[in-house]
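Take a look at the structure below.
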Amino acid sequence: MDKKKFAVDSLIESSETKLKMKDLCLEPILKAVDLITGIYKTGNKLLLCGNGGSAADCQHIATEFMVRLNHQIKRPPLCAIALTTDSSNLTAGGNDIGFENVFARSVQGLGNKSDVLIAISTSGNSPNIIKAVEMAHEKGMQVIGFLGGSGGKLKTQVDLPIIIPSSNVQRIQEGHITAAHILCELVELELYGSQLS
């Protein structure tokens, strides 16, 4: 294996995916900015769910909202809860009600009308994410889908799909974090841009 070529090809593929996002993902990202800015203005919150690497992305994104992303902005925390962090809740739910229901149960218990759920699934077909989306809609929440490839089943089930234009899971995950950083920083600027230091 030519390690250098492999690394260069990966960097090129990653860059090309980001350039495609400029054309295919910009509009839904900006709509998501408006949606999330709106819920924070009304005192609502953001919930996030995903599996594996997407679970880690949920924690990453929630932390950016709760702490801050742009270090030039002094602001209060923005309520964001990653439903992926409580091992007791996840393992009890997986054991007692089935893993496909663990996120739906947390959405049912923590979500309120007019909150927003960010549902992350690189395939768009994760059964436990689909059930969480269904529960969010039952609760009167709106759902942003961070998806990839064709968007899967979730493409038509979420209110606002952000679909990374790649079939490579690694590139999709990289695109999700890029989109999330843009989303978070624009929300910060919309709400607290006047407090830039």
| remark: When (1) more than 21 Å from Gly140 (Cβ to Cβ); (2) touching a residue at least 40 places away in the same chain (Cβ under 8 Å); (3) surrounded by fewer than 19 Cβ atoms within 10 Å (Cβ to Cβ) are applied to Ser121, the one that fails is (3)
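Yes/no matrix, rows are residues, columns are (1) of a type in the set (Gly, Ala, Ser); (2) under 15 Å from Ile29 (Cβ atoms):
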| position | (1), (2) |
| --- | --- |
| Lys131 | no, no |
| Glu138 | no, no |
| Gly145 | yes, yes |
| Lys153 | no, no |
| Gln157 | no, no |
| Ile162 | no, yes |
| Ser167 | yes, no |
| Gly193 | yes, no |
| Of Glu188, Glu100, which residue is surrounded by 16 or more Cβ atoms within 10 Å (Cβ to Cβ), among the charged types (D, E, K, R) and in contact with a strand residue (DSSP E or B) (Cβ under 8 Å, 6 or more places away or on another chain)? | Glu188
| field | Among the residues listed as Pro76, Pro127, the single one being free of Cβ contacts under 8 Å to residues at least 40 places away in the same chain and within 20 Å of Leu186 (Cα to Cα) | value | Pro76
| query | Which condition number does Ser166 fail, the rest of (1) within 18 Å of Thr17 (Cα to Cα); (2) in a strand (DSSP E or B) being met? | reply | (2)
| query | Pairs, please: C-beta under 9 Å, at least 6 apart or cross-chain, first residue on the phi < 0 side of the Ramachandran plot and in the range 5-16, second of a type in the set (Asp, Glu) and part of a helix (DSSP H, G or I)? | reply | Ser14/Glu174
| request: Could you tell me whether the range 138-146 includes any residue that is out of contact with any Leu (no Cβ under 7 Å at 6 or more places or on another chain), at pLDDT 95 or above, open to solvent by 10 Å² or more (accessible area, probe 1.4 Å) and assigned to a loop (DSSP other than H, G, I, E, B)? | output: yes
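The values are calculated or read from the model by the stated rules, or taken from the named source; none is laboratory data. Just so we're clear, the structure is a prediction, and the values are computed from it rather than from any experiment. Cβ coordinates were reconstructed from backbone atoms using ideal geometry, including for glycine residues, and neighbour counts include every protein chain displayed. Ligands, DNA and RNA are excluded from the accessible area calculation, which covers all protein heavy atoms including side chains. Shrake-Rupley method; radii C 1.70, N 1.55, O 1.52, S 1.80 Å.
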